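Notes for the one structure printed next.
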Amino acid sequence: MKKVSYLMCLALIALAIISCKKKKEKDTDDAYVCTACTQIPEGLAANDNSSKGIYKGVIIGSSGTIKFDIANTSSNAITAVLVIDGVSVNLTTTYTWSSGGIQAAPFKGMLNGQELTINFSVGANGTGATIVSATIPGHPNASFSIAKETSTALARCYEGTYQNSKNEKGTFNIIVSTLLKGWTGKSRENGSSETTDISGSYVNDKLYWGSGTNIEIATMDGDTFSGTFNDGSSNITVKGKRTL
């Protein structure tokens, strides 16, 4: 009898240890924080309505982020940093800032021993930021979404994934900004070269599909988002983490 009681005690202790371990792992996952990400806007107020300033974006093909510093603090400081598949590349340009818009300024760097070029354009008042073209070795179908960060609106970039009930899986990368009054980004099915523009509204830490607040797709929780919604043909689960 004592032996049975002893074995039961051991079993209960083992269950308690496993339960605590699982809880600890869950708490660790829930507590994800992008330690390299800024929590306040870097853009200066003087550049809010100028082509100068900070621009951030997400990439699909494979997955990554990009950040442009267009003479934000100094007219001589025009640089960019690309991170793709975890590899960071510093980009420089021969472009010299002058008042007005920027037309296809070439930013160049080296990725795995090969030169890459990303051509950046933006309007004179800082709107319409876009990547005109890009040549990235090993990533022939890279696609970008770019947003300006102002002195009052932090642009947060998230890399994520999606999976639907038809077992289609892919990349789901977005930018969330109060300036945009929502979110925008790109999605792409794994193995495909076609990219879909995605966007929606952002209200009280909720991401909604399209305009309005009819279709909630995910909840923001610190530096992560996750959720499941129905697009009319299947259930789609999305999740992601902030990386810029």
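A few remarks follow.
- Amide N proximity, the stretch 175-192 versus residue 213 label position 7 Å along Cα-to-Cβ, cut-off under 20 Å: 176-184
- P(r) histogram, all alpha-carbon pairs of the stretch 22-127 included - 5 Å bins from 0, percent: 2, 11, 19, 21, 16, 13, 7, 4, 4, 2, 1, 0
- Computed over the stretch 116-215, the ratio Rg/Rh where both radii use C-alpha atoms and Rh is Kirkwood: 0.99
- Put simply, when 194-206, 160-172 are sorted by average Cβ atoms within 10 angstrom per residue, most first, you get 160-172, 194-206.
- Here the stretch 58-204 is assigned +1 on the Cβ of each Lys and Arg and -1 on the Cβ of each Asp and Glu. Its dipole about the Cα centre then comes out at about 220 debye.
- Using a Gaussian network model of the chain in which every pair of alpha carbons under 10 angstrom is joined by a spring, one finds that among 64, 109, 232 the greatest mean-square fluctuation is at 232.
- Per residue, in Å², the accessible surface of the chain once ligands and nucleic acids are set aside, probe 1.4 Å: 54 Å²
- Cα-based shape type of the stretch 73-127, given that a ≥ b ≥ c are square roots of the gyration tensor eigenvalues and the cut on a/c is 1.5: prolate
- Highest-first packing order for the peptide set 209-216, 47-54, 114-121 is 47-54, 114-121, 209-216, based on the mean count of other beta carbon atoms within 10 Å.
- Nonlocal amide H pairs with residue 218, under 5 Å, H built at 1.01 Å: 207
- One decimal place: the segment residue 203-residue 98 gains 34.1 nm when fully extended, by the rule 0.36 nm per residue minus the C-alpha distance.
- P(r), alpha carbons of the chain - 10 Å bins starting at zero, rounded %: 7, 28, 30, 18, 8, 4, 3, 1, 0
- Formal net charge of residues neighbouring residue 219 (Cβ-Cβ distance under 9 Å; K, R +1; D, E -1): -2
- Relative contact order of the chain, pairs being alpha-carbon contacts under 8 Å that are 6 or more residues apart, as %: 17 percent
The values are calculated or read from the model by the stated rules, or taken from the named source; none is laboratory data. Being a predicted model, the structure only gives us computed values, none of them experimental. Here Cβ is always computed from backbone atoms with ideal geometry, including for glycine, and neighbour counts include all displayed protein chains. Protein only, heavy atoms only, side chains kept; ligands, DNA and RNA dropped before computing areas. Shrake-Rupley method; radii C 1.70, N 1.55, O 1.52, S 1.80 Å.
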